[in-house]
Amino acid sequence: MATIAPRLEFRHIGKTFPGVRALGDVGFAVRAGSVHGLLGENGAGKSTMMKILGGEYIPDEGEVAIDGEVMRFRTAADAIGAGVAVIHQELQYVPELSVMENLLLGRLPTRFGMVDRRQALKWTRERLDALGVDLDPRARLKSLSIGQRQMVEIVKAILRDAKIIALDEPTSSLSHRETEVLFRLVNDLRAQGKAMIYISHRMDEIFELCDAATIFRDGRKVADFDTLEGVTRDELVQRMVGREISDIFGYKPREQGQVRLSVKGVTGRAVPQPMSFDVKAGEILGFFGLVGAGRSEVMRVVYGADRRTGGEVHVDGQPVKASHIRDAIRHGLVFCPEDRKEEGIIGVRSVSENINISARRNHLTAGLFVNDRNEARVADSFIERLRIRTPHRRQEIRLLSGGNQQKAVLSRWLAEKDLRVLIVDEPTRGIDVGAKNEIYNVLYELAARGVAVVMISSELPEVLGVSDRVITMCRGQITAQFTRGEATEENVLAAALPEGASATPMRNV
Amino acid sequence: MTETNAAAIGAARETQADRRRALLWQIVDDYSLILIFIALFAVLSLTVQYFFSWDNVVGLALSVSQIGMVACTMMFCLASRDFDLSVGSTVAFAGVMCAIVSNATGSVVIGIAASLVAGALIGAVNGVVIAKLKINALITTLATMEIVRGLAFITSQGQAVGVTSEAFFTLGALELFGLPVPVWVTLACFVVFGVLLNKTIYGRNTLAIGGNPDAARLAGVSVDRVRIAIFLIQGVVAALAGIILASRMTSGQPNAGEGFELNVISACVLGGVSLMGGRATISGVLVGVLIMGTVQNAMSLMNIDAFYQYLVRGAILLIAVLVDQLKNRRQSR
């Protein structure tokens, strides 16, 4: 087996970003005609590795070899030229163009210098039919579902005749049927001798599709499996997380009080079905579902970030005005968005500004002027309390690591003197394990003070480890509710998956 | 485990060096502008005849007083990641408006009030269209620039409108404690807007919006209200500049202030205001305005042909934007 060079090999790859060591001395090999699973928690370095493979990042150390030959990708075009196709979570297509045009981008057939639409259409139809993909070549990409767009990307890679295809969480937004089509394509590609890397958080998919697997943790390789025969799911999870799960979460039961947040029949543009739920003082309510299940959309409407078209939100029995963020904050209802960089931090402003931006209105001198001394004190106290790693409070926040940025954004709301309800959306996404733990501790502390906490998370262990109660959502609807005692990985996941999707994949467990 | 620790310590050391370097650059940035200005001033004092005299320096200050006033409000506009091209037209329209209304009513005060209100309205329209209708600021103010210029020509019938009242001229000519009134007004603007920027929620929120409008909104900043206020105040100050200019020229002229908006933006950019928003200092803008005025003044004293002055102004702006770009690039690396 070791005599011929593997199709693809990573050798001692290292990559450092300012403040973060994303990968350190990581290597693994992928054989032709095999599907190689790549596992690890968020922030473990999988996506960085894929960007190196795709030529988007240049590694600081180590090399990538194809068929034993060392490659030096400087740009994405280099990687494509070498027969590599990386399909990212964030897809790269032109939304205004049709399926056909996207597939043929840069090489549309021409006649007398004009695009030959008829020939292009015929060609595209033939290819799609041959692959068994049901898509209209003339449909614009923006009119397709995310899953269909994903299929277009995959077809693009196949048509480019790539010999190495990497799929980064391809099923996270696919329907059950689309997933089946994808699996069939992957199996066909394997039979054709392609080398594939498959990243997924879903263990059942890994077992169903992959021949071999590598596990990353905190930017390092922790395990290699030449075969998955006889390997158990628990073994993989254990290696991924690297410690007893209860260790990271450090959950302790708390007293719970009266209902603090009450949501009744709330609707919005992205929330077509009325949503209702309650959260008690001192309670941490976990919201679990697949990406696109509609959890963030609901919370954005509750907070007032998106327009509320119907229903009521009460905090401690008092109504909160619809679509009015400042009224929500006045009632002590606050929200930490999912996308920290786009919606959480103000990158070019200081750590202190980011912490004080909201609560400063309560500390004005003469009702008019910003109280700098007080703001410095508030900022310094949070930097110390939450252990925000920054040289000083005047540092621009964008220069901090993700976990420290998140702690600063949380501090913004902790600084509110009358915090009652905290909604956090994916609070630990892309954050290292140590900082995760610190963020959980903040949530526990708040809950212990009587704050009602709602936590949206796509990480099942996190939801189970931190929440007092779990609500699952699927396709814009609440599908089930579990107390901490009732919730297990199996029943929570089953409730979050679309109808029928749970039947096939679960059997490998 | 030890390996991980070593890597972590290495990374920490690396970032600490990064941060120290960033801090150092920050300090250089902060003082570089003032140093450049002092050097420029010293060189010109030594080389250009008549440059270093009280009369010339007062004249210099007077020549940039309109630009200085509006640069204060333009700073807010740019700091919030917006843009305003309509200020030049507003200057012209306000001057014409003031002259016409003063003549018609016989009261300079009513004339001034009318043109300030007009400026406020123009600014409010800009602000509402940009904030509420979500139309790009560049396009919106390009449109209002044309419209307001048109209004200036229509109301004046294309002619300079002379003012009959003597009181009106004193506004631009009167001296207090050795400095002309327009210079005092400009200095007052720098003080007021400096305090607004640094010491009030309005100023801090302006910078926050420029840094990241979405995050600012989710943090409870009334983004729309702040943006409208920025444009409204800008309209009022531009009108004030127009009134003072008309007073100095003894008439409201519909073609006044052409290219004024670009000079104002140049001065801001020269003063280190980031076009990406979120970064602005009042001292920087003051120095930017002074550099503009000094260069202009020196070129006139050296009898450089007015046609060539355009080249120099353009080159200075290009260099300023380039410096801004380099600064951002270095800081994000």
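The values are calculated or read from the model by the stated rules, or taken from the named source; none is laboratory data. Predicted model, so just to flag it, every value in this text is computed and none were measured. Note that each Cβ is placed from the backbone with ideal geometry, even for glycine, and that neighbours are counted across all protein chains shown.
Brief remarks on what is shown
- Unmet requirement for A:Gly294, which otherwise passes all of (1) touching a Gly at 6+ places or on another chain (Cβ under 9 Å); (2) of a type in the set (Gly, Ala, Ser); (3) at the interface with chain B (Cβ under 9 Å from one of its Cβ atoms): (3)
- Every pair of residues 6+ apart whose Cβ atoms lie under 8 Å, when the first sits in region B:301-328 and is under 17 Å from B:Leu270 (Cα atoms) and modelled with pLDDT under 85 while the second is surrounded by 15 or more Cβ atoms within 10 Å (Cβ to Cβ) and aromatic (Phe, Trp, Tyr): none
- Residue count, region B:215-257 (criterion: within 14 Å of chain A (Cβ to nearest Cβ), of a type in the set (Val, Ile, Thr) and more than 20 Å from the chain's Cα centre (by Cα)): 2
- For region A:159-174, filtered to residues that are in a helix (DSSP H, G or I) and free of Cβ contacts under 8 Å to residues at least 60 places away in the same chain, the residue that is nearest to the chain's Cα centre (by Cα) is A:Thr171.
- Sole residue being touching an Asp or Glu at 6+ places or on another chain (Cβ under 8 Å) and within 14 Å of another protein chain (Cβ to nearest Cβ), chosen from B:Asn205, B:Asn212: B:Asn212
- A:Arg118, sole failed condition from (1) at pLDDT 80 or above; (2) at negative phi; (3) part of a loop (DSSP other than H, G, I, E, B): (3)
- Sole exception among (1) small (Gly, Ala, Ser); (2) part of a loop (DSSP other than H, G, I, E, B); (3) crowded, with 18+ Cβ neighbours inside 10 Å for A:Ser352, by number: (2)
- Within region A:27-48, considering residues that are in contact with a helix residue (DSSP H, G or I) (Cβ under 7 Å, 6 or more places away or on another chain) and at pLDDT 90 or above, the one nearest to the other protein chains (Cβ to nearest Cβ): A:Leu38
- No other residue among B:Ala173, B:Ala188 is out of contact with any Cys (no Cβ under 9 Å at 6 or more places or on another chain), modelled with pLDDT of 95 or more and more than 14 Å from chain A (Cβ to nearest Cβ) apart from B:Ala188.
Rundown of residues vs (1) crowded, with 24+ Cβ neighbours inside 10 Å; (2) assigned to a helix (DSSP H, G or I); (3) not basic (Lys, Arg), yes/no style:
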site	(1), (2), (3)
B:Thr164	no, no, yes
B:Val191	no, yes, yes
B:Tyr202	no, yes, yes
B:Gln234	yes, yes, yes
B:Ala239	yes, yes, yes
B:Asn255	no, no, yes
B:Ala267	yes, yes, yes
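- Count of residues meeting criterion [within 15 Å of B:Ala99 (Cβ to Cβ) and β-branched (Val, Ile, Thr)] in region B:134-169: 5
Table: residues versus (1) in a strand (DSSP E or B); (2) in contact (Cβ under 8 Å) with a residue 60 or more places away in the chain.
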position	(1), (2)
A:Ala29	yes, no
A:Ala32	no, yes
A:Leu38	yes, yes
A:Met50	no, yes
A:Ala77	no, no
A:Glu96	no, no
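- Failed item, numbered, when A:Arg429 is tested on (1) part of a helix (DSSP H, G or I); (2) touching a residue at least 40 places away in the same chain (Cβ under 8 Å): (1)
- Residue match in region A:125-134 (condition: part of a helix (DSSP H, G or I), buried (at least 20 other Cβ atoms within 10 Å of the Cβ) and more than 27 Å from the chain's Cα centre (by Cα)): yes
- Residue within region A:384-407 that is within 14 Å of chain B (Cβ to nearest Cβ) and touching a Cys at 6+ places or on another chain (Cβ under 6 Å) present: no
- Of everything listed in (1) of a type outside the set (Phe, Trp, Tyr); (2) over 16 Å from the mean Cα position of the chain (by Cα); (3) surrounded by fewer than 19 Cβ atoms within 10 Å (Cβ to Cβ), the single unmet condition for B:Asn297 is (3).
- Among the residues of region A:355-371, the ones that are surrounded by 14 or more Cβ atoms within 10 Å (Cβ to Cβ) and either in a helix (DSSP H, G or I) or at pLDDT below 85 (or both) come to 6 in all.
- Checked against the criterion of being surrounded by fewer than 16 Cβ atoms within 10 Å (Cβ to Cβ) and touching a residue at least 12 places away in the same chain (Cβ under 8 Å), region A:198-221 contains not a single residue that satisfies it.
- Number of the exception - A:Pro272 against (1) in a strand (DSSP E or B); (2) more than 14 Å from every other protein chain (Cβ to nearest Cβ); (3) over 30 Å from A:Asp468 (Cβ atoms): (3)
- Residues being within 8 Å of chain B (Cβ to nearest Cβ), over 7 Å from A:Ile397 (Cα atoms) and not hydroxyl-bearing (Ser, Thr, Tyr) - total across region A:347-362: 4
- Search result, residues across region B:279-294 that are crowded, with 23+ Cβ neighbours inside 10 Å and either within 14 Å of chain A (Cβ to nearest Cβ) or basic (Lys, Arg) (or both): B:Arg279, B:Ala280
- Residues that are within 9 Å of another protein chain (Cβ to nearest Cβ), buried (at least 18 other Cβ atoms within 10 Å of the Cβ) and not in a helix (DSSP H, G or I) within region A:314-346 comprise A:Val334, A:Phe335, A:Cys336, A:Pro337, A:Ile345, A:Ile346, listed in sequence order.
- In region B:260-276 there is at least one residue matching the filter, namely being out of contact with any strand residue (DSSP E or B) (no Cβ under 8 Å at 6 or more places or on another chain), in contact (Cβ under 8 Å) with a residue 40 or more places away in the chain, within 14 Å of chain A (Cβ to nearest Cβ) and not aliphatic (A, V, I, L, M).
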